[in-house]
Structure formats: structure tokens, C-alpha cells
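Please read the structure below before turning to the comments.
The values are calculated or read from the model by the stated rules, or taken from the named source; none is laboratory data. What you see is a predicted model; the values in this text were computed from it and never measured. Keep in mind that these areas ignore ligands, DNA and RNA; they rest on the heavy atoms of the full protein, side chains included. Shrake-Rupley method; radii C 1.70, N 1.55, O 1.52, S 1.80 Å.
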Amino acid sequence: MESVFSDTGLDGFLDDLKRRQGNSVASETIALVANSVEMTGLSVRRLDRLLEDERVREEYGLGANAPRSV
């Protein structure tokens, strides 16, 4: 998923939407998309719950102060 975002330039686009503070918007989005692709039956409205999982946060470099919602 990271390669797709990088190759298409989507990672830079997403990060430019936010001032350069805190965690990467692209990292948060990549984590959500990657996990939603792997899971079935998960409502789009519940995707932000994945950001509460410490393993997901660690895998995508989301620090302790990163938002836990989208």
C-alpha cells in the first residue's frame, strides 16, 4: 500500500493538506486503507477504530500523540 501511495504521489498530496505538524496524514490514511483491504465486513464508519490498535499504529509509524480518529 505504501508503494501505491508513493508511486501515485498520493502520500505527498495528503501530507500537503495539513500544516507540517504532528503525524503524517498519509501514514494514517495508508494504515486505514491497508487494513480495510485486508478485512471484509468492516463498515467504513468504523475504520477509525483501527487507529486504536497499537500494532497498526506501530506498523505505520503513528506516534502516541497521533489522532485516533479520522
(request) Can you sort 10, 17, 32 by 1.4 Å-probe accessible area, starting with the largest? (result) 17, 10, 32
(request) Determine the order of 11, 16 by accessible area, beginning with the largest, at a probe radius of 1.4 Å. (result) 16, 11
